[in-house]
Structures are given as C-alpha cells and as structure tokens.
Amino acid sequence: QEAKEENGNATNQVITELGSVKYKRWICILLCIIFLLCGQSVAALLGRLYFDKGGKSKWLSTLIQFAGFPILVPFYCISRPKMLTANHCSIGSNKQPSIMMLGLVYVTFGLMSAGIGFLYSVGMQYLPISTVTLIAASQLAFNAFFSYFLNSQRFTPFIINSLVLLTISSVLLVFDNNSSRLSGVSQVHCAAGFICTILGTAGSGLLVALQQFALRKLVVRQSFKVVLDLVMCQSLVASSAILVGFFASGDWKGFSGEMDEYGLGKFSYLMVLIWTAICWAVFYIGAVGLVLEVSALFCTAISALGLPMVPIIAVFVFNDKMDGIKVISMVLAIWGFISYVYQQYLDDYMPKTENTGEISEACSSSIGLSEHSALQGAAAYH
C-alpha cells in the first residue's frame, strides 16, 4: 500500500511538472505570436507609407528592415528558464559547435536576409501592399517544400490542402492586372514587382527552414539568448551588406533631398524609418522564437494569420482596390491557414493522448514491481 501511495505521488508530481513546463512554454509561444503579428503588420504598412509619400530608395527601405537590432540589446538582461522542447530530443550530441561554424551560419543567414529584404522592397515599391501581402502568403507552401527535405516535415491531407489553397490564392493575383498596378507604375515595373516578391517569398521560406535546421542540429543549449544571438548577428551582417549596396549605388546622395521632399515632412520621414526598423526587429524576435519553440512551418503559418489584417487596413489607408479576385484570394488563403491550424491541433492532441497512456502504463509497471518486491520481502520475513 505504501509503495502504491509513493508511486501515485511520484506520478502526480511528474504530471504537475510536465503541465507547468507546457504552460510556460505556451506563454512564450503566445508572446512570440503577438510579436510576430504586430511587428509584421505595422512594419508592412509603414514600408508602404515610405514609398507612397515620396520615398524612392530601395536600399534604404531594405536597410530599415534590419537596422533596428540595437534596440534588442537590453533583452540580454532578461533571463528565461530553459524549457524542455521537442527540439532537444533531436540533438544527438552535447558538443557545442565551434565559433567558426556559428559565424558561417550567421553570415549565410545575414546575406540571405539582405537579398530577400531587397526583393521585397522592389515588390513594395511597384505593387500595392495588399498584393504583396497576399503573394507573401505562399511562403507557407515554399517553407513546407523545403522543410520536407531539411527537417523531415510530415505531409498530411490537411497540410496538402493548405498548401494547394495558398498556392492558388497567390496565382490568382497574377491575372488581376487592373487592381495590382499602382498609378504611374508601368507594366514592366509591375511584372518586376511580381517576380521579385515571389522570389523573396521563396527565399524567405527557405531561410526559415534553414533556421530550424541550424537551431536543431548545431545549437545544443536552446534558450531566449540563442534567439537574440541569431537575430542580432543575422541583422548585423544583413545591415552591413545593405550599407555597402546603399553607398555603392549612390542612393545616399539623394537622402537629404528625399527627406526635404517627403510628403509628410522631415520629422514624419524620420519617424517612419525609425518605427519601421523597430517593428521589423520585434517581428524577427517573434519569428525566430517560434522556430525555436515549435517549427519553421508553424512560424510561417502564424505569419499567414496576419494576412487579412494588412490588405483590409490598406484599403482605408492607401486606397488600395479590393476587387473580387483579391477577395477570393484572401478567402482561399484564410481557408488554407485554418486547414493547417487544424492539423496542428491534431498533432498536439494525439501526442497528449499517447503520453497519458504511456504514463499510466509506466505507473502500473512501477506499482507491479513494488508489489512484487513487497511480496518477496514478506516471504523472506516469514
């Protein structure tokens, strides 16, 4: 009886500890989701506002996507308890990677981020923000494709349904020639904006999949500091590369004149640049945090959740046209996102059921062994 009570107490303690860890982990995930959605939506709208009111430099627009990383330095003072996540189970070695290897990873990610940011800037300059946002929703399909090869992503009917719907959602916009062109933008520039946005979306899907691969294979002690290290180093490399292009292209010469001619004034010009940089930094913290705590595909799916917010706001702020094709594209994208979220719910529910059965079975085995030991002791006593 005492053995049964001890095993019962031990089992309850294990279940309580697991519940506490899971509770804290989901709080962290929720914060990352808020950072990602708020940062992404506000940064996208401010990026469009920069071009809409007279901004012309694609290099400067790209630079402010990464230049806000210094504001993250105080976050190093925040200590978060290390949480046991699924990522830890995939690491087979306790050996920390060399500084040279981590440096190579950060430089590669930084250069990729700079290229992706420039492609998005081209799309933002020549296309309405609603069109850019809807095209960017196809990142989920690209990320799933790359995650299949890099991170052994499992494809289910719901995920396949989600990818097909998101792909169709983006393809529809190619045929929406009337509402997808800004006033004063030629057909050639509009086509260039489409191509650059699609290439940037594909590159972003690849980058997120590579981040998950690197975090799980190279980083042993995964924590909030790991997220900050990746965001800071990646942003530093990207900012350095973009600064080289900014000065080499001669865009820096028109910076003063662009500020003087900006439609909202000099102060508003600086505020748009500063707050865009801050919002992108917040977005990157949330994105890399979700990759660390869950997966690259989950991060991309949450990013797609902000899809309806930006186009709807853009209709009122920038007078973007919202015709039938864009509405259908948005509905398909939301449908695809819901399909993916439902699969995540199934993935989260099934392991819980299996783990409950395993704990019960383990407890029964422990109790059985204790009873057997007690019987042996009684026999020896008699």
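The values are calculated or read from the model by the stated rules, or taken from the named source; none is laboratory data. Only a predicted model underlies this, so the values are computations on that prediction, with no experimental measurement involved. So basically every Cβ, Gly included, is an ideal-geometry build from the backbone, and we count neighbours across all protein chains shown. Only protein heavy atoms, including side chains, enter the accessible area calculation; ligands, DNA and RNA are left aside. Shrake-Rupley method; radii C 1.70, N 1.55, O 1.52, S 1.80 Å.
Some points to look at:
- Selection from the range 130-148 of residues that are assigned to a helix (DSSP H, G or I) and farther than 18 Å from Val315 by Cα: Gln139, Leu140, Ala141, Phe142, Asn143, Ala144, Phe145, Phe146, Ser147, Tyr148
- Residue match in the range 266-274 (condition: of a type outside the set (A, V, I, L, M), under 30 Å from Phe145 (Cα atoms) and surrounded by 15 or more Cβ atoms within 10 Å (Cβ to Cβ)): no
- Here Ser240 passes the criteria (1) open to solvent by 50 Å² or more (accessible area, probe 1.4 Å); (2) at positive phi except the one numbered (2).
- Some residue of the range 98-112 being in a helix (DSSP H, G or I), out of contact with any Ser or Thr (no Cβ under 9 Å at 6 or more places or on another chain) and modelled with pLDDT under 75: no
- Scanning the range 118-131 for residues that are of a type in the set (A, V, I, L, M, F, W, C) and either open to solvent by 10 Å² or more (accessible area, probe 1.4 Å) or in contact with a Cys (Cβ under 6 Å, 6 or more places away or on another chain) (or both) turns up Phe118, Leu119, Val122, Met124.
- Verdict on Ser204 being open to solvent by less than 40 Å² (accessible area, probe 1.4 Å), hydroxyl-bearing (Ser, Thr, Tyr) and either modelled with pLDDT under 85 or in a helix (DSSP H, G or I) (or both): yes
- Output for the range 243-263, where each listed residue is in a loop (DSSP other than H, G, I, E, B), in contact (Cβ under 8 Å) with a residue 40 or more places away in the chain and loosely packed, with under 14 Cβ neighbours inside 10 Å: Ser249, Gly263
- Unique residue being modelled with pLDDT of 80 or more and within 14 Å of Cys299 (Cα to Cα) when the list is Gln187, Gln211: Gln211
- The residue pairs whose first member lies in the range 28-39 and is under 17 Å from Ile278 (Cα atoms), whose second member is outside any helix (DSSP H, G or I), and whose beta carbons are closer than 6 Å, counting only pairs six or more residues apart or on different chains, are Leu37/Gly306.
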